[in-house]
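Data first, discussion second: the structure below is written as structure tokens.
The values are calculated or read from the model by the stated rules, or taken from the named source; none is laboratory data. Quick caveat, the model's predicted, so the values are computed rather than measured. Note that we place each Cβ from the backbone using ideal geometry, even for glycine, and neighbour counts take in every protein chain shown.
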Amino acid sequence: MRKTLSTLLMVIVAFVLVGCGPNQALLWKNAAPQEKAIFLLEVYNTQWDNYIDIIAYSTGLTAEQVKYMAKNEPEKLKEAIDNSSLTDEARATLRYKKDILSKIDMPVEEFAKLAKAGLPTSAEQEEFIIEMLNKLKMRAYTK
Amino acid sequence: MNTIAILELILLATDLYFKNASMEGMTEEEAAARIHTALEEKMKRKAKDLPDV
């Protein structure tokens, strides 16, 4: 009961935050490619950091240690992850997040490079990235 | 709905609100500096480098 109430409260807070904001669709439509690129880059970076933070939290390591071990001691990190407090559900969520981030990794970079250079950006690429981010958001709503 | 999913939802919602709000009134120079920094940070974060779980 208490867990349900706290879950409900957090969801309400999220909706209020979105609801109190400016019209998101209009803001997005009117945003310059540079502004869109900043937004997409910052969301990607935040999500990437969040993935590392969750592993750090569940293994008792720091985020810096996780990043170092991922590059230099992958077997040791795998062992730490295997013995972590991550539930099967949390692992599935992280796998989903990694899959989405892998799919948008290059498109976000390409979009940002074009926007930075003042060159025309691809509407299809923008649509694809937004669709992927929406999938990530929808998973959060439905899980 | 698990804890990570809830955190995810809040993170995405607050991201949308604060990032959009903070972009309003940005000058071209500010936008150029911010895109440069964000892109540099992005280059350090390759999805393939994320450890498998």
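Restricting to segment A:72-102, name every residue that is out of contact with any helix residue (DSSP H, G or I) (no Cβ under 7 Å at 6 or more places or on another chain) and of a type outside the set (Asp, Glu).
Correct list: A:Asn72, A:Pro74, A:Lys78, A:Asn83, A:Thr87, A:Arg91, A:Ala92, A:Arg95.
Working only within segment A:62-79, note down all residues that are crowded, with 20+ Cβ neighbours inside 10 Å and aliphatic (A, V, I, L, M).
If the condition is that a residue be crowded, with 20+ Cβ neighbours inside 10 Å and aliphatic (A, V, I, L, M), then A:Val66, A:Met69, A:Leu77 are the ones that fit.
Would a scan of segment A:37-47 turn up a residue that is surrounded by fewer than 18 Cβ atoms within 10 Å (Cβ to Cβ), modelled with pLDDT under 95 and more than 7 Å from chain B (Cβ to nearest Cβ)?
No - not one qualifying residue is present in segment A:37-47.
Kindly establish whether A:Thr62 is among the hydroxyl-bearing types (Ser, Thr, Tyr) and free of Cβ contacts under 8 Å to residues at least 24 places away in the same chain.
yes
I need the full set of residues from segment B:37-53 which are in contact with a helix residue (DSSP H, G or I) (Cβ under 8 Å, 6 or more places away or on another chain) and either under 20 Å from A:Asn72 (Cα atoms) or surrounded by fewer than 14 Cβ atoms within 10 Å (Cβ to Cβ) (or both), in order please.
Within segment B:37-53, B:Met43, B:Arg45, B:Lys46, B:Ala47, B:Lys48, B:Asp49, B:Leu50, B:Pro51, B:Asp52, B:Val53 meet the criteria.
May I ask you to list the residues in segment A:107-129 that are touching a helix residue (DSSP H, G or I) at 6+ places or on another chain (Cβ under 9 Å), part of a helix (DSSP H, G or I) and either loosely packed, with under 13 Cβ neighbours inside 10 Å or touching a residue at least 40 places away in the same chain (Cβ under 8 Å) (or both)?
Hits for segment A:107-129 are A:Val108, A:Phe111, A:Ala112, A:Leu114, A:Ala115, A:Lys116, A:Glu126, A:Ile129.
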